[in-house]
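Worksheet for the structure shown next.
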Amino acid sequence: MRLDKFLKVSRIIKRRSVANDACDNSRVELNNRPAKAGAQVKVNDIVTLHFGDSTFKFKILSVQETVKKQDSSLMYEVINED
């Protein structure tokens, strides 16, 4: 699955266009490397989001095309939130 779509489906970022912009502006890292929106994600990948002064780091636990709102938080595990 594409990184931007994962961010939207997991409801970490509300809109896919916003996820695209974050990737284009080098605010997203995949396994400690700058990531593009089209990067393929898989289970156990580590994603880091940088927004302003805050950092949100999480591990991907599952990759699903569609998921219910209440189950979206089961797709990832928060590692660090500053």
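The values are calculated or read from the model by the stated rules, or taken from the named source; none is laboratory data. Source: prediction; values computed, not measured. Neighbour counts run over all protein chains shown; Cβ positions are idealised from the backbone, glycine included. Heavy atoms of the whole protein, side chains included, go into the accessibility calculation; ligands, DNA and RNA do not. Shrake-Rupley method; radii C 1.70, N 1.55, O 1.52, S 1.80 Å.
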Subject >> Residue in the range 22-41 that is of a type in the set (V, I, T), at negative phi and either surrounded by fewer than 14 Cβ atoms within 10 Å (Cβ to Cβ) or without any contact (Cβ under 8 Å) to a residue 12 or more places away in the chain (or both) present >> reply: no
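Report, by residue number, each residue of the range 23-57 that is aromatic (F, W, Y) and touching a Leu at 6+ places or on another chain (Cβ under 8 Å).
F56
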Original post:
When the residues of the range 57-71 are filtered to those that are open to solvent by 40 Å² or more (accessible area, probe 1.4 Å) and of a type in the set (A, V, I, L, M, F, W, C), which remaining residue is nearest to L7 (Cα to Cα)?
Top reply: V63
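Does S54 satisfy being open to solvent by less than 70 Å² (accessible area, probe 1.4 Å) and at pLDDT below 95?
Spelling it out, S54 is indeed open to solvent by less than 70 Å² (accessible area, probe 1.4 Å) and at pLDDT below 95.
So, D45, is that one within 17 Å of R2 (Cα to Cα), surrounded by 14 or more Cβ atoms within 10 Å (Cβ to Cβ), over 11 Å from the mean Cα position of the chain (by Cα) and among the acidic types (D, E) or not?
Values: within 17 Å of R2 (Cα to Cα): yes; surrounded by 14 or more Cβ atoms within 10 Å (Cβ to Cβ): yes; over 11 Å from the mean Cα position of the chain (by Cα): no; among the acidic types (D, E): yes.
Taking the combined requirement at face value, the residue does not satisfy it.
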Subject >> Condition broken by R11, with the remaining ones in (1) open to solvent by 100 Å² or more (accessible area, probe 1.4 Å); (2) over 11 Å from the mean Cα position of the chain (by Cα) satisfied >> reply: (2)
